[in-house]
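Written out below as structure tokens is the structure these notes cover.
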Amino acid sequence: MHTYHTRRASRGHALRGVALAAVLASVTACDFSVTNPGPTADKFLTDTLSLVAQVNGVAFTLGDGMNYQVLHSAVAARELFPTGQSGQFGIEPRNWVGFLVTEEQGTPWNSLSRARWLSDQSIIRLKSVLGDAAFAKHPVAAQGLIWRGFTYRVLGEAMCVSIVDGGPATPSRDNLVRAESAFTAAIAVATAASAATTGATATTAANLVNAAYAGRAQVRVDLGDWTGAVSDAARVPTAYKYLMPYYSNVDEYGYNRTMWSSTAQSFYKATSVWGTWYAKYYDSSRDPRVAYTQTALTGAGAFPPVGRVPWWPQSKYLTQTAGVTLVSGREARLIEAEAALRNSDIATAMAKIDANRASAGAPVAARPATLADAWTLLKQERGIEFWLEGRRLADMRRWTASQTPGALDALEIPGATSYLEGQNTCFPVSREETNTNPNLTP
Amino acid sequence: MPQPPRLLVALSLLGFAPAILHAVPTPGQSLAVRYSDVAITRAAERSGRTARPERPAGVVRGRVVVEGTNAAVGNAQVQLGTRGAQSNDAGVFAFANVPAGTYTVQVRMIGFERFTRSVTVVDNQTTELTITLKRQSLSLDQIVVTGTPGAARRREVGNAISQIDVTSLAEVPASVDNLLQGKATGLTVTGNSGGVGGGASIRLRGNVSATQSNQPLIYVDGVRVKSDGFPKNTFPTGYAGNSDNTVYSPLNDIDPSDIDRVEVIKGPAATTLYGTEAASGVIQIFTKRGQAGASRWTFQTDQSMSQTPKFGPTQGFEGKDLVIPDKEVNPYGTVDYLYLDPWLRTGYKHKYVLSLDGGRDDAKYFVSGATTNETGVLPLDKATQSSVRGNLSVMPRKDLTVQWNTSFSTNNLTKTPAGGTAAGLTLNASRRDRNYFGSADPAQIGRVLDFQLTSRIDHLVTGGTLQYQPKENFSTRLILGYDLAAQETRNYMPYGFATVPKGQISDGRYSSRTTTADYAATWSHALFRDLRSSLSGGAQAIAVDQVNVAAGSRDFPGPGEQTVSNGALSLGVEDRSRVINAGLFVQDVLDYKNRYFLTLGARFDGNSAFGQSLGLQMYPKVSGSYVVSDESFWPKSLGTMKLRAAYGQSGRAPGAFDAVRTWSSYSWGGVAAFIPRNLGNDELGPERTSEIESGFETSTLGGRLNVDFTWYQRTTKDALFAVSQAPSEGLWASQLENVGKLRSDGVELGVNATLIQRPHFGWDAGFTYSTNHSKVLSLGGAAPFTIGNNGWVVEGSPVPVIRGFCVANPTEFATPVRQANCNSGPNTPTRTITGTSSFTLPGDFSLSTRGEYQGGAFAYSLLDGEAIVRGIRWPSCFNAYPAIDSGDLSTVPASIRARCMSAFANRDYAIFPLDFFRLRDLTLRRSFPLKMGGASSAQVSVSGQNLFWWKKAKDSLIDPETSGGFNNQSGMAQQVRSVGGSIPIPRTFLMSVRLTY
């Protein structure tokens, strides 16, 4: 049995123990403030010095989205033939036979949607930080508007519907309308920025004016505004090009995906020019725009109806950094040629095509005998000019909608020759969007 | 007869504390305590005299054996008066220079009743003793530490707790993962890889979180150590599959021969006092700390060889025996080994351990060193490990005990590229001529072996415990610990390598520093007659600092040994994070008549990863136990019975950056580009798991039948779910939000029985049966979401459920109709059964065996799925190919068309059941004394591990116990297990020799 004294002493020890525990607690348990380095806190993005990086982020994500959209649409349009490689830098099985289905095609929608959201946000933040007056003539603002225009143009041409900020799905044409608006704004801001600055900055801004006119010409074609399109196209020199750049750091996801998915350097060998109309055309013409190389190898995996597919890699993009043309003066000439054919003016159309070919170093095209032949030639010409640039499916959709004359080759439309079981001409909404957007039905 | 005073000593306070310390003896007392008791016995009273050195003196020798079979009992603690010793593997102990007199001999060993008797020592004579221990699997006065504020007798504890006495294991564990496998109910240890160096996934009662780590917390001697795996050895950016499939576990830096015992508590009902991060359970490892007595040398060597068992499919997808058409025969390999035959080899492992322990009552030590050299069954697999340990325990004052334990290990790993990569051996070999080389020729495929994957892992664990006990009923304890786990990785494809012709390299440095500060005090006092209280309080702080720095480059100028500096293109990656978790706890144990116990407690926690608007979190606990067999009405013949029930809460904290809205920066053509990263959530807090469990422990039939049963149910509220954001709103990474509610329940039954107990022959058998069924009760309005590898979190389904497309018309002879969102089942086993059997044989031989079955889980098989969608001709389809090739599909059902024809194929069709059985261990052992003086002995073990296996999915190429993936989540790092290109767990033949002197 404890004595009273012992108990009191024990309690004293207990109190000291509790006191020590409390001290320790005050030291350890209450200080949880930890600042970890690395990711940038949102509050720093309102700094003027952060604006360029935000605009760059739009281009980065647009390039990322295009990387998938260009490659996957190239297989569906039979600009390239699948070898059986799927997964890593590969093509998925439904895509092999012409379908762009939700379960396989989430990345193009997701990446391009991110680029769109970023492009809108960057403009909002630019206006907020710079003020309206400065924004109207700021070179970074001009660049931001250019990326916004191309983002909406790519979405408008590639996607089946348009969705903005978790809203309802509307016709993809809405993207094109926004693209036209962005390019119109870009023309004004880039022109003002060119006038307000000097040296390289002014030159860059002036270059953006061309890009804006050329981009607006593209979307006006898609919107059916041929007068406007021709007017804008006329402002673009034939030699002009504006590229989506890809940069060669060590991360292969940043590379030009069309190149990296099928090159001896990467080992994936996911696509081949074998089995496409472009191989046939190149063999007869040596047109540098559709160059490829024949090898004795076969692709990775197998495409069951064929078995192991001969691997003939494309030679348009030979390096990881090869840029993808967003708009060019040569396209402007083809817009003018198509506008002429719409007026049954074969001579003007051929002159424009000749100008295009001369600029590209391609042989002169044979003269078409009929208007239909001229349309066939023009359709081939756009296929050649935009080969592996992610444009073919939109053209197919547009021509089908407008019931233009002229035929596509059997190798690029569904049938036994092409091994295409069908052909989706636009990308679906991703499952991620369907599952999270309250305006959509999962 | 006067009873020796039994003082309940608050030993090595706190559940986070290291192992049992010797209590502080007062003058004239000796501590006669190890595992099974905490009594301080007055040696002088027992012996009737004070032992003083006198000349001449006598010798006491003896042997400790099991009652009935007379089998030797090694590692039993023998106390002769104030002197201590430990029986060797032959059960032999000895005391020299014992002054004449009468002494009390006490012998203690986990699982046996304490033995006490008197012995008279006569000068110049040797006193021989045979000490027979009686089995007692359920010892209610056994001390447990984990989950309590200090130490507690088992009778007081209201929750289930498992103890693994490593020193008495019949097996020779190859690693800590191996040691834990199948040793406790509710504990699932999944091997993950047949390659060297792979860490195992450990789950206690299945998954508790859908998004956070489910690996339990690991403590070593009271010090928190890293429990999750090291980062995968892969390039710092881009495709993470360019590697092997393994992730190294820091747990395997601990040499099993250094371990004395392990305690396992399985859920929040037991782990409340550990706070926010303990919802997945706690495993505490106690290392050896030496015995008072003469110095004892122990040398052990383990020599083993490993071989890969056949693992190819034995059935086609339609369930018929596999027929291999002539055109599918590969001259270089067989279906049995997935065409890997040319590369598989016999692996060898050579391990040597030397340890020394001894000391006095007031100063004990244990030092050891071990070295291991291993070659795996894959051609490049190689591992070396060296480790040293020093444990010291001193009592500078009668009321003060200081312990310091330090271990350091260094490991070097060389791995074969066997992951899901174009540069992978398994992937290319299995695809034969439809691989990335377009050739099945080993000379071509073997080019991947130029890919060099090397790692070095250094691991330091050091920590001290200071225990101050100024009064019998008051004690305090302070633990300070530091765990440094560092990994250096090198991932090198030389110039001219098949998949990257100009070569690439990366060097990674990763370190995890965990600092532990832990204080507790316990005050025991009588409230009323027969009612005592043990009031405890304390504070704990854990800081985890992680740094991951890597550099990579590619495009070398030419051949030669390269470094990152030599690549034309280079990049660097740096990630740093610091997370602090700290809290207070208070607990009171009310003890009525030493058989009714009620425990009330709470933990108050803060964490730096919580949202700014979130304050301290409180986790309550309450538990009770009732030793019904101590009641007068309880018939002695029914043995011992304890009823118990517990309720408690614990949590899991979000990640370091989850609460903050942040942007990532990428290099884009030499300039920076911002990309949305984390949406942020100011109110983000821990997920809170409540658990209720109840059960009983009983020992009857004279200790020959022991049963331990537990039922549990746990509910996680505020579950952290990765709520996806609409891509059209910026494609932020999925944001963790406290929105979900999960539930899981199950039963755990452990039975051990002594079936035959005769001189020189005995048979003990046991089995465990554990179930775990989980369900998502609510998604809190969030949409179903995937956490990777076909694992989905869906309301009403297991956590996670393996989901994917399936064929809606499998038996129809028609084109497959694809159906979305088909649930296969859970990803973790719903039932685990282990069986053990051990025989004591004449001649001091023993034979033991252990098998384990896991069932009810499903997973995606990466190797099957990725091959079939690529048009690879796959063994499971061999039976169907003749019809498919002929174009006549009239006899091919939709399910086969979907799985064998890439036109219809989908990866999700490669989801398989993971049910399997493995004969984990079969060991024959003999212990015998050596004529080298003292208590020297030898123990020789011959064992086979994984000699037999069975799997339910006979049409798959996989080993259900392995895992792998294309991304960073491989091996034990996988939140959702998928089965990848890992080769199966090999069968191993081992011989172990242990000499003690």
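Considering each of A:Thr348, A:Thr271 in turn, give the residue that is under 24 Å from B:Arg873 (Cα atoms) and modelled with pLDDT of 95 or more. Break it down stepwise before answering.
Details: A:Thr348 fails: under 24 Å from B:Arg873 (Cα atoms).
The match here is A:Thr271.
Do any residues in region A:293-305 that are more than 10 Å from every other protein chain (Cβ to nearest Cβ) have Cβ atoms under 7 Å from those of residues that are of a type in the set (S, T, N, Q), where the two are at least six apart or on different chains, and which pairs are they?
Close Cβ pairs (under 7 Å, with a partner that is of a type in the set (S, T, N, Q)) amount to A:Thr293/A:Ser315.
With the condition kept exactly as written, say whether any residue in region B:476-499 is within 14 Å of chain A (Cβ to nearest Cβ), closer than 30 Å to B:Arg595 by Cβ and assigned to a strand (DSSP E or B).
The answer is yes, given that some residue of region B:476-499 is within 14 Å of chain A (Cβ to nearest Cβ), closer than 30 Å to B:Arg595 by Cβ and assigned to a strand (DSSP E or B).
Among the residues of region B:879-903 satisfying the criterion of being without any contact (Cβ under 8 Å) to a residue 60 or more places away in the chain and hydroxyl-bearing (Ser, Thr, Tyr), which is farthest from A:Pro304 (Cα to Cα)? Can you show your working first?
Going through region B:879-903, the residues without any contact (Cβ under 8 Å) to a residue 60 or more places away in the chain turn out to be B:883-888, B:901-903.
Remaining after also requiring hydroxyl-bearing (Ser, Thr, Tyr): B:886, B:902.
Numbers: B:Ser886: 13, B:Ser902: 7 Å.
This residue is B:Ser886.
Residues that are of a type in the set (Phe, Trp, Tyr) and within 30 Å of A:Gln105 (Cβ to Cβ): does region A:134-144 have at least one? Steps first, answer last, please.
As a first pass, look at region A:134-144 and keep what is of a type in the set (Phe, Trp, Tyr): A:135.
With within 30 Å of A:Gln105 (Cβ to Cβ) added as a condition, the list becomes none.
Among the residues of region A:134-144, not one is of a type in the set (Phe, Trp, Tyr) and within 30 Å of A:Gln105 (Cβ to Cβ), which makes the answer no.
Among (1) in contact with a Ser or Thr (Cβ under 9 Å, 6 or more places away or on another chain); (2) under 21 Å from B:Trp711 (Cβ atoms), which single condition is B:Gly606 missing?
(2)
Is there any pair with a first residue in region B:434-455 that is within 30 Å of B:Ser249 (Cβ to Cβ) and more than 14 Å from every other protein chain (Cβ to nearest Cβ) and a second that is outside any strand (DSSP E or B) and polar (S, T, N, Q) whose Cβ atoms are under 6 Å apart and which are 6 or more apart or on different chains, and what are they?
As it stands, the answer is B:Leu453/B:Asn233; B:Ser455/B:Asn233, since those pairs meet every condition given.
State whether one or more residues within region B:593-602 are buried (at least 18 other Cβ atoms within 10 Å of the Cβ) and in contact with a Ser or Thr (Cβ under 6 Å, 6 or more places away or on another chain).
yes
Would you check which residues across region B:350-389 are part of a loop (DSSP other than H, G, I, E, B) and surrounded by fewer than 21 Cβ atoms within 10 Å (Cβ to Cβ) and list them? Step through it out loud before you land on a result.
Looking only at region B:350-389, we keep the residues that are part of a loop (DSSP other than H, G, I, E, B), and these are B:361-362, B:376-381.
Listed by number, the residues that qualify are B:Asp361, B:Asp362, B:Pro379.
If a residue has to be part of a loop (DSSP other than H, G, I, E, B), more than 25 Å from A:Phe303 (Cβ to Cβ) and not β-branched (Val, Ile, Thr) to count, how many in region A:390-430 make the cut?
Qualifying residue count for the region: 5.
Considering each residue of region A:96-109, count those that are assigned to a helix (DSSP H, G or I) and either crowded, with 22+ Cβ neighbours inside 10 Å or hydrophobic (A, V, I, L, M, F, W, C) (or both), and give that number.
Summing the residues that are assigned to a helix (DSSP H, G or I) and either crowded, with 22+ Cβ neighbours inside 10 Å or hydrophobic (A, V, I, L, M, F, W, C) (or both) in region A:96-109 gives 3.
With the requirement that a residue be at the interface with chain A (Cβ under 7 Å from one of its Cβ atoms) and modelled with pLDDT of 85 or more, what does region B:677-697 give you?
B:Arg677
Looking at (1) on the phi < 0 side of the Ramachandran plot; (2) more than 29 Å from the chain's Cα centre (by Cα), which is the only condition A:Tyr292 fails?
In the conditions (1) on the phi < 0 side of the Ramachandran plot; (2) more than 29 Å from the chain's Cα centre (by Cα), A:Tyr292 misses (2) alone.
So in region B:391-431, with the set limited to residues that are closer than 19 Å to B:Leu380 by Cα, among the polar types (S, T, N, Q) and buried (at least 24 other Cβ atoms within 10 Å of the Cβ), which one is nearest to the other protein chains (Cβ to nearest Cβ)? Break it down into steps so the answer makes sense when it comes.
Narrowing region B:391-431 to residues closer than 19 Å to B:Leu380 by Cα: B:411-430.
Then keep just the ones that are among the polar types (S, T, N, Q); that gives B:411-412, B:414, B:416, B:421, B:426, B:428, B:430.
Filter again for buried (at least 24 other Cβ atoms within 10 Å of the Cβ), leaving B:416, B:421, B:426, B:428, B:430.
Details: B:Thr416: 18, B:Thr421: 8, B:Thr426: 15, B:Asn428: 10, B:Ser430: 13 Å.
My answer is B:Thr421.
Within region B:620-636, track down each residue that is over 30 Å from B:Glu683 (Cα atoms) and touching a residue at least 12 places away in the same chain (Cβ under 8 Å). Write out each step before concluding.
Step one: of region B:620-636, the residues over 30 Å from B:Glu683 (Cα atoms) are B:623-636.
Hits for region B:620-636 are B:Ser623, B:Gly624, B:Ser625, B:Tyr626, B:Val627, B:Val628, B:Ser629, B:Asp630, B:Glu631.
Taking the conditions exactly as written (over 16 Å from B:Ser175 (Cβ atoms) and buried (at least 22 other Cβ atoms within 10 Å of the Cβ)), does B:Pro309 satisfy them or not?
Criteria not met by B:Pro309.
Scanning for something within 14 Å of another protein chain (Cβ to nearest Cβ) and out of contact with any helix residue (DSSP H, G or I) (no Cβ under 8 Å at 6 or more places or on another chain), does region B:738-757 turn up at least one residue?
Yes - at least one qualifying residue is present in region B:738-757.
Might you check whether a residue that is closer than 17 Å to B:Gly611 by Cα, part of a strand (DSSP E or B) and touching a Ser or Thr at 6+ places or on another chain (Cβ under 9 Å) occurs anywhere in region B:681-690?
Yes: region B:681-690 contains one or more residues that are closer than 17 Å to B:Gly611 by Cα, part of a strand (DSSP E or B) and touching a Ser or Thr at 6+ places or on another chain (Cβ under 9 Å).
Residues that are touching an Asp or Glu at 6+ places or on another chain (Cβ under 8 Å) and either within 13 Å of chain A (Cβ to nearest Cβ) or under 22 Å from B:Ser511 (Cα atoms) (or both): find the strands (runs of 3 or more DSSP E) completely inside region B:527-617 holding 2 or more of those.
In region B:527-617, B:531-554, B:569-592 are the strands (runs of 3 or more DSSP E) which contain 2 or more residues that are touching an Asp or Glu at 6+ places or on another chain (Cβ under 8 Å) and either within 13 Å of chain A (Cβ to nearest Cβ) or under 22 Å from B:Ser511 (Cα atoms) (or both).
Please work out which residue is surrounded by the fewest Cβ atoms within 10 Å (Cβ to Cβ), limiting yourself to region B:251-269 and to residues that are touching an Asp or Glu at 6+ places or on another chain (Cβ under 8 Å) and not charged (D, E, K, R).
For region B:251-269, the residue satisfying everything is B:Asn252.
Name the single residue, out of those in region B:858-878 being away from chain A (no Cβ under 14 Å), hydrophobic (A, V, I, L, M, F, W, C) and in contact (Cβ under 8 Å) with a residue 60 or more places away in the chain, that is nearest to B:Ala184 (Cα to Cα).
The residue in question is B:Ala859.
Please verify whether A:Leu62 is assigned to a helix (DSSP H, G or I), more than 9 Å from chain B (Cβ to nearest Cβ) and in contact (Cβ under 8 Å) with a residue 12 or more places away in the chain, treating the condition exactly as stated.
Values: assigned to a helix (DSSP H, G or I): yes; more than 9 Å from chain B (Cβ to nearest Cβ): yes; in contact (Cβ under 8 Å) with a residue 12 or more places away in the chain: yes.
Yes, satisfied.
Return the only residue of B:Ala646, B:Ala659 being in a loop (DSSP other than H, G, I, E, B), surrounded by 21 or more Cβ atoms within 10 Å (Cβ to Cβ) and more than 7 Å from chain A (Cβ to nearest Cβ).
B:Ala659
Would you check which residues across region B:182-205 are part of a strand (DSSP E or B) and of a type in the set (Gly, Ala, Ser) and list them?
B:Ser201 - this is the single residue of region B:182-205 that is part of a strand (DSSP E or B) and of a type in the set (Gly, Ala, Ser).
The values are calculated or read from the model by the stated rules, or taken from the named source; none is laboratory data. Remember, predicted model here, so these are calculated numbers, not experimental data. All Cβ positions, glycine included, derive from the backbone under ideal geometry; neighbour counts span all protein chains shown.
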